[in-house]
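The values are calculated or read from the model by the stated rules, or taken from the named source; none is laboratory data. Values in this document were obtained by computation on a predicted structure and should not be read as measured data. Every residue, glycine among them, receives a Cβ derived from its backbone with ideal geometry; neighbour counts consider all protein chains shown.
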Amino acid sequence: MYNKSLNELSAALHSGEVSSVELTQYFLDRIKRYDGEINSFITVTEEQALASAAKADKSIAAGQAGKLTGIPMAHKDIFCTDGVKTTCGSRMLDNFIAPYNATVVEKLEDAGMPMLGKLNMDEFAMGSSNETSFYGAVKNPWDSTRVPGGSSGGSAASVAARLTPIATGTDTGGSIRQPASLCGLTGIKPTYGRVSRWGMIAFASSLDQAGVLGRSAEDCALLLEAMVGFDEKDSTSVERDTEDYTSTLSKPLDGLKIGLPKEYFGEGLDAEVGKVVEAAIDEYKKLGAEVVEISLPNTHLAVPAYYVIAPAECSSNLSRFDGVRYGYRCEDPQDLTDMYMRSRGEGFGSEVKNRIMIGTYALSAGYYDAYYLKAQKVRHLISDDFRQAFEQVDVIMGPTSPVTAFKIGEKTDDPVAMYLSDIFTIAVNLAGLPGMSIPAGMVGGLPVGLQLIGNYFAEGRLLNIAHQYQQLADWHQQVPAGYTD
Ligand code: GLN
């Protein structure tokens, strides 16, 4: 049961082979059995999950069910869930019970999916290893001494260990694709604005985008279909209808033009990872694709520009956590200033504080032009690189992460080494493009991801390109040892 696709689970539910209550209980039991080791859940919502499973069973029996009805799932703890603790991985929100559902949560609830719980993540989604969480590091199911990637590390680890069939995540600079790569999963970050950000706790609003971490492109297509669409509550939501991603999965790839940016295959890329990625691209040639070398000349500016823009936006977004309205408040404040200072000082962890300080500095009078404005100009150059590339090719491919899963603690003292984990993913967010990572092989028993980057709103095409590869290769079917019974 643990390794069934969403389509297989749906068929089992509709044929009566299993009920949603049984299926939900089955995954709750796996969480109890395995999550002590992995630490992927912050909150397990057992009662609520079983109640919505019972409701799903009724609608299946009444013939009113959709494809996803009754299939359990879990949310990254960045999405507000009505009546359920929503922490964003921070002590600041350890006592926060959200008073409403995020649009994404609402949509998946309407689709009839029981929520198993809320998943661990880097604090306020800042990190690449899930080590900045107030709730402790998440372990990679492929090797528990290693990180699962971040910031959607709980989402990735829980799906990899088959504790949930599928999960949501968010990607501001790589936080869906990089953990998908490190845990052997398929992850998709849609075009900026395609999925509503309403009720998704903001980190860097011009970059944040919700998406999916699942096992296959087919599974991701099914969930993403239910998540996208215009939302008047989010002013950056794009007015575009929902789309049927599953019906185009089997389109042949004859004549597909793949661009390989030379900047993605140079310095910093582990040689073994590079070989796996090249071998996966060779498979695409068998599917009728043509490969062309391209250049994205401003790639080296993506990490520096991101680490001005993202902290600048976070310093503004996180100013709402002041100990007054909700969230953590220090004990016995002496006066207002003391309350602000200690509530924020004690409520936030060190990575979050670093970024607030950098962002506040970059936005301050006299430095704004030199840093923030300059970074925004660089952002244009990066978008322009992609615009020109997509005049020549249909999709861009390369590695998702320069290395496989690294050891817990290995990069915690070296922020620059940590920030370079996202060297291949960040430019995509700066340009607002859709991106995916798919499992493409192993190095030393650890998964390697292939990144696919599409033009604006090409989610359907990306899923199709990923699905075709998954018809040839079975990396996405592999389950880490120790989680197979
Ligand atoms: N690792 C990047 C950061 O720390 C990206 C995080 C994300 O995508 N949420 O900011």
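A few points about this structure:
- Being among the hydrophobic types (A, V, I, L, M, F, W, C), free of Cβ contacts under 8 Å to residues at least 60 places away in the same chain and more than 13 Å from the ligand (Cβ to nearest atom) is a property that holds for Val159.
- Single match in Gly89, Gly66 (criterion: part of a loop (DSSP other than H, G, I, E, B) and surrounded by fewer than 18 Cβ atoms within 10 Å (Cβ to Cβ)): Gly66
- Condition check for Val428: of a type in the set (Val, Ile, Thr), within 12 Å of the ligand (Cβ to nearest atom) and either crowded, with 18+ Cβ neighbours inside 10 Å or under 16 Å from the mean Cα position of the chain (by Cα) (or both): yes
- Summed over the stretch 296-334, residues that are under 28 Å from Ser421 (Cα atoms) and touching a residue at least 40 places away in the same chain (Cβ under 8 Å) total 22.
- Being crowded, with 21+ Cβ neighbours inside 10 Å and on the phi > 0 side of the Ramachandran plot is a property that does not hold for Gly16.
- Pairs with Cβ under 6 Å, 6+ apart, first in the stretch 398-417 and without any contact (Cβ under 8 Å) to a residue 60 or more places away in the chain, second of a type in the set (Lys, Arg): Ala417/Lys411
- Within the stretch 69-86, the residues that satisfy the criterion of being buried (at least 20 other Cβ atoms within 10 Å of the Cβ), outside any loop (DSSP other than H, G, I, E, B) and not aliphatic (A, V, I, L, M) are His75, Lys76, Phe79, Thr81.
- Checked across the stretch 352-361, the condition of being among the basic types (Lys, Arg), more than 16 Å from the ligand (Cβ to nearest atom) and within 20 Å of Glu313 (Cβ to Cβ) holds for no residue.
- Odd one out for Asp384 among (1) crowded, with 16+ Cβ neighbours inside 10 Å; (2) over 22 Å from Val212 (Cα atoms): (1)
- Selected residue (criterion: nearest to Ala49 (Cα to Cα)) from residues of the stretch 94-136 that are part of a loop (DSSP other than H, G, I, E, B) and among the acidic types (Asp, Glu): Asp94
- Verdict on Thr170 being surrounded by 21 or more Cβ atoms within 10 Å (Cβ to Cβ), more than 21 Å from Asn317 (Cβ to Cβ) and among the β-branched types (Val, Ile, Thr): no
- Annotation for the stretch 96-117: no member residue is of a type in the set (Ser, Thr, Tyr) and touching a helix residue (DSSP H, G or I) at 6+ places or on another chain (Cβ under 6 Å).
- Looking only at the stretch 205-248, and only at residues there that are of a type in the set (Val, Ile, Thr), surrounded by fewer than 18 Cβ atoms within 10 Å (Cβ to Cβ) and at pLDDT 95 or above, the one that is nearest to the ligand (Cβ to nearest atom): Thr236
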